[in-house]
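The values are calculated or read from the model by the stated rules, or taken from the named source; none is laboratory data. All values reported here derive from a predicted model rather than from experimental measurement. For neighbour counting, all protein chains shown are included, and Cβ atoms are generated from backbone atoms with ideal geometry for every residue, glycine included.
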There are 2 protein chains.
Amino acid sequence: MEMSLKRRETMHRLCGKGLEIFNEKGYYNTSLDDILTELDLSKGAFYHHFKSKEDYFISIVQNLIVQKVYALLVEPLNTFENPLPIIVESLENALEPGKRNEMAYGFMLNDFLTEFNKRNEEISNYLKDIINVWEVNLVSVLKRGKVDGHIARHVDCEGVATYIIASFMGMRTLMIDNSNRQLKYQYIQQLKQYFKSLEPERVLA
Amino acid sequence: MEMSLKRRETMHRLCGKGLEIFNEKGYYNTSLDDILTELDLSKGAFYHHFKSKEDYFISIVQNLIVQKVYALLVEPLNTFENPLPIIVESLENALEPGKRNEMAYGFMLNDFLTEFNKRNEEISNYLKDIINVWEVNLVSVLKRGKVDGHIARHVDCEGVATYIIASFMGMRTLMIDNSNRQLKYQYIQQLKQYFKSLEPERVLA
DNA sequence: AACCAGACCGACCCGTTGGTCGGTTAAAGG
DNA sequence: CCTTTAACCGACCAACGGGTCGGTCTGGTT
């Protein structure tokens with residue numbers, strides 16, 4: 001069942017360029033030809049490898065987006081330090097456009113989710129799954145923070161996770177143009193402010 | 001220069017139904033015929049009143065969305081009480097689907113902004129203007145709260161306004177399906193938690 | 001050399017959709 | 001009545017985009 005090297009390489013090129021352009025212009029606003037022209041490939045080549053545009057995008061989600069979100073937003077949570085600064089750091093990092101490329105991976109989720117909402121339930125679900133994984137991990141790391149005494153006992157971890165995700169997603173809508181330093185700075189500052197309110201009351205020594 | 005009554009009424013019907021369906025299915029995913037069929041009108045009638053689909057949507061933004069956002073999110077800020085609970089209340093209210101109709105006006109902004117971002121700069125700008133008005137009003141009401149001693153002096157009002165807007169917008173992406181009570185509750189709770197951290201230190205009597 | 005399979009080409013198909021245009025209806029004014 | 005004009009109709013157009021399909025090219029096998 002293994003794919004030939006040539007096939008694998010072409011599909012990989014298609015997915016990479018596809019993510020780049022879909023992310024830039026949106027899925028429905030990008031025609032297959034937009035992508036194929038850039039790669040000097042033909043319609044025939046495309047449909048030789050993918051069943052449909054939808055199938056193609058799902059490949060992109062599962063091969064590229066999942067990994068990227070996981071690496072940026074889930075993996076970093078796997079430490080045993082105080083979770084709050086770890087979360088701040090991961091979000092800050094996710095909002096940073098990649099060093100080598102121009103994609104701000106942290107944004108893609110919000111953009112695509114909004115685009116597919118009400119238009120393609122299947123793709124929506126794949127994207128929602130990614131958010132869910134993130135959320136579950138946030139909750140569990142927050143709960144651990146509670147046990148370790150970094151977070152006050154009264155805190156509703158699910159609520160906090162939801163609020164973190166919402167504010168992060170919402171930043172996208174505001175940072176429409178180029179990634180705006182000012183907005184990012186404000187966001188991180190307020191996030192820290194909010195996190196402060198989750199810490200346990202200081203017990204005087 | 002005044003419009004005939006008939007003309008005004010037809011345009012009004014078109015805008016109302018247009019907002020309803022655009023909000024439901026998205027602008028690019030709604031064809032003019034989708035709307036015209038529902039109103040028993042023809043292409044001819046439409047183009048007799050509007051120059052283009054784009055022009056039509058701009059009318060909707062300026063006649064309906066602006067007013068609605070203003071009424072839900074800006075007007076309520078005009079009191080002289082403690083701004084923080086007022087803001088919470090306005091957001092809570094904006095997330096509530098309208099009593100008589102099904103539209104959750106608070107959401108429209110985020111949906112449309114994301115949809116037009118990268119696709120239609122002119123419309124994007126009209127929508128961004130609305131956000132700006134909201135932001136400016138939030139900032140000024142927060143500053144007044146500082147003067148009145150409801151908000152701690154160290155607080156960065158612009159940052160807080162940005163954070164409020166971001167989290168509000170982000171809720172949309174999460175509340176994809178029907179308005180989810182649970183999510184809304186979590187959001188409001190955490191917002192209150194965050195706001196607590198903006199209050200001045202209690203001075204012991 | 002003959003053959004085969006898989007990668008790829010690009011002309012074509014066809015549904016959708018924004019927009020056009022010549023015509024009809026009906027109300028208002030003379 | 002007759003004329004004018006605004007409102008409205010609906011057949012039609014052209015562009016676009018996803019998807020199809022018969023065919024070509026190339027590298028490996030026998």
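For the reader, a short list of remarks on this structure follows.
- For the range A:1-16, the criterion of being buried (at least 17 other Cβ atoms within 10 Å of the Cβ), in a helix (DSSP H, G or I) and either within 12 Å of DNA strand D (Cβ to nearest atom) or in the same structural domain as A:Lys118 (by TED's automatic domain parsing) (or both) is met by no residue.
- Here the range A:29-81 is the region considered, the condition is being assigned to a helix (DSSP H, G or I) and among the hydroxyl-bearing types (Ser, Thr, Tyr), and the residue that is nearest to A:Val160 (Cα to Cα) is A:Tyr70.
- Put simply, of B:Val155, B:Val141, B:Val147 the only residue that is farther than 23 Å from A:Ala166 by Cα, hydrophobic (A, V, I, L, M, F, W, C) and either within 14 Å of chain A (Cβ to nearest Cβ) or surrounded by 19 or more Cβ atoms within 10 Å (Cβ to Cβ) (or both) is B:Val141.
- Residues located in the range B:23-49, provided they are within 14 Å of chain A (Cβ to nearest Cβ) and near DNA strand C (Cβ under 10 Å from one of its atoms): B:Lys25, B:Tyr27, B:Tyr28, B:Asn29, B:Thr30, B:Ser31, B:Asp34
- Among the residues of the range B:17-28, those identified as within 18 Å of B:Ser52 (Cβ to Cβ) and part of a helix (DSSP H, G or I) are B:Lys17, B:Gly18, B:Leu19, B:Ile21, B:Phe22.
Matching residues to (1) touching a Pro at 6+ places or on another chain (Cβ under 9 Å); (2) in the same structural domain as B:Val69 (by TED's automatic domain parsing); (3) closer than 21 Å to B:Leu84 by Cα:
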site: B:Met108; (1), (2), (3): no, yes, no
site: B:Asn120; (1), (2), (3): no, yes, no
site: B:Leu127; (1), (2), (3): no, yes, no
site: B:Asp148; (1), (2), (3): yes, yes, yes
site: B:Tyr163; (1), (2), (3): no, yes, yes
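- There is no residue in the range A:49-56 that is out of contact with any strand residue (DSSP E or B) (no Cβ under 7 Å at 6 or more places or on another chain) and more than 20 Å from A:Tyr126 (Cβ to Cβ).
- Meeting the requirement of 2 or more residues that are more than 19 Å from A:Thr173 (Cβ to Cβ), the helices (runs of 4 or more DSSP H) wholly within the range B:82-182 are B:83-95, B:121-147.
- Pairs linking a residue in the range A:36-55 that is free of Cβ contacts under 8 Å to residues at least 12 places away in the same chain to a residue that is within 6 Å of DNA strand C (Cβ to nearest atom) and of a type in the set (Lys, Arg), with Cβ atoms under 7 Å and 6 or more positions apart or on different chains, are A:Leu36/A:Lys43.
- Yes/no for B:Ile58 being at pLDDT 95 or above and within 20 Å of the chain's Cα centre (by Cα): yes
- Boolean, B:Val133 is within 13 Å of chain A (Cβ to nearest Cβ) and at pLDDT 95 or above: no
Conditions (1) modelled with pLDDT under 95; (2) more than 7 Å from chain B (Cβ to nearest Cβ), marked per residue:
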{"position": "A:Gly159", "(1), (2)": "no, no"}
{"position": "A:Ile165", "(1), (2)": "no, no"}
{"position": "A:Met169", "(1), (2)": "yes, no"}
{"position": "A:Gln182", "(1), (2)": "yes, yes"}
{"position": "A:Ile188", "(1), (2)": "no, yes"}
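- Residue match in the range A:74-83 (condition: over 25 Å from A:Tyr187 (Cβ atoms) and either within 10 Å of DNA strand D (Cβ to nearest atom) or away from every other protein chain (no Cβ under 14 Å) (or both)): yes
- Residue within the range B:120-130 that is within 9 Å of another protein chain (Cβ to nearest Cβ), of a type in the set (Val, Ile, Thr), under 17 Å from the mean Cα position of the chain (by Cα) and surrounded by 15 or more Cβ atoms within 10 Å (Cβ to Cβ) present: no
- Residue in the range B:17-30 that is touching a helix residue (DSSP H, G or I) at 6+ places or on another chain (Cβ under 9 Å), without any contact (Cβ under 8 Å) to a residue 40 or more places away in the chain, among the hydroxyl-bearing types (Ser, Thr, Tyr) and more than 8 Å from DNA strand D (Cβ to nearest atom) present: yes
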